[in-house]
Amino acid sequence: MIRFITTFGYTGLIRPAPGTWGSLAALVLGVLIVEGLHPLLLPLGVGLVTLLGFWAVPRAVAGQADKDPSEIVIDEVAGQWLAMCFTALPLWRHGVSMLEAWPAFVVPFVLFRLFDITKPWLVGRADRRGDAAGVMLDDLWAGLFAGIASVILAGLYHAVLEPVLHG
């Protein structure tokens with residue numbers, strides 16, 4: 001059960017780049033949740049996978065030298081869904097489908113991967129903790145930064161670029 005949770009249904013066992021595969025699986029499931037169920041379930045999902053991750057990751061790495069094995073991707077799921085909330089919820093509030101506004105799920109995905117891989121500032125600080133909590137925290141920070149950056153880019157597009165393009 002612990003391995004199933006931490007690998008997000010064994011998605012983390014896909015090679016190469018298990019973190020990207022985990023994020024992609026989270027993206028697809030996140031879009032299905034938003035479009036097929038209800039957008040408010042996405043932040044609930046963030047909370048659920050975060051709690052599951054903080055519970056399961058320490059158990060998965062107990063007694064291991066490597067405290068952040070690449071197959072653990074529940075942290076990517078939490079971070080990816082957090083990033084997606086920043087576009088999914090405003091779109092829902094305005095009655096716009098996430099699929100109609102397709103960059104609304106692509107941009108958070110790309111930015112989340114960028115922040116997760118480059119590990120700037122607080123993302124890197126959390127990653128350098130070298131413990132199970134750091135495994136979860138670095139991706140939550142990456143998700144937060146990706147979500148904020150997505151909103152900023154959407155604002156710039158709609159306020160600056162869109163009026164120029166559509167005259």
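Nothing in this text is a laboratory measurement; each read-out follows from the coordinates by a stated rule. Please read all numbers here as calculations on a predicted model, not as lab measurements. Note: ideal-geometry Cβ built from the backbone for every residue, glycine included; neighbour counts use all protein chains shown.
Laid out as a table, the results:
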| read-out | value |
| --- | --- |
| Matching residues in region 25-46 - criterion: being within 27 Å of Ala133 (Cβ to Cβ) and surrounded by 18 or more Cβ atoms within 10 Å (Cβ to Cβ) | Ala25, Ala26, Leu27, Leu29, Gly30, Ile33, Leu42, Gly45, Val46 |
| Where Val49 falls short, out of the listed (1) exposed (fewer than 14 other Cβ atoms within 10 Å of the Cβ); (2) of a type in the set (A, V, I, L, M); (3) under 20 Å from Leu140 (Cβ atoms); (4) touching a helix residue (DSSP H, G or I) at 6+ places or on another chain (Cβ under 7 Å) | (1) |
| Out of Gly124, Gly79, sole residue that is in a helix (DSSP H, G or I), touching an Asp or Glu at 6+ places or on another chain (Cβ under 9 Å) and surrounded by 21 or more Cβ atoms within 10 Å (Cβ to Cβ) | Gly79 |
| Unmet requirement for Val96, which otherwise passes all of (1) aliphatic (A, V, I, L, M); (2) surrounded by fewer than 15 Cβ atoms within 10 Å (Cβ to Cβ); (3) part of a helix (DSSP H, G or I) | (3) |
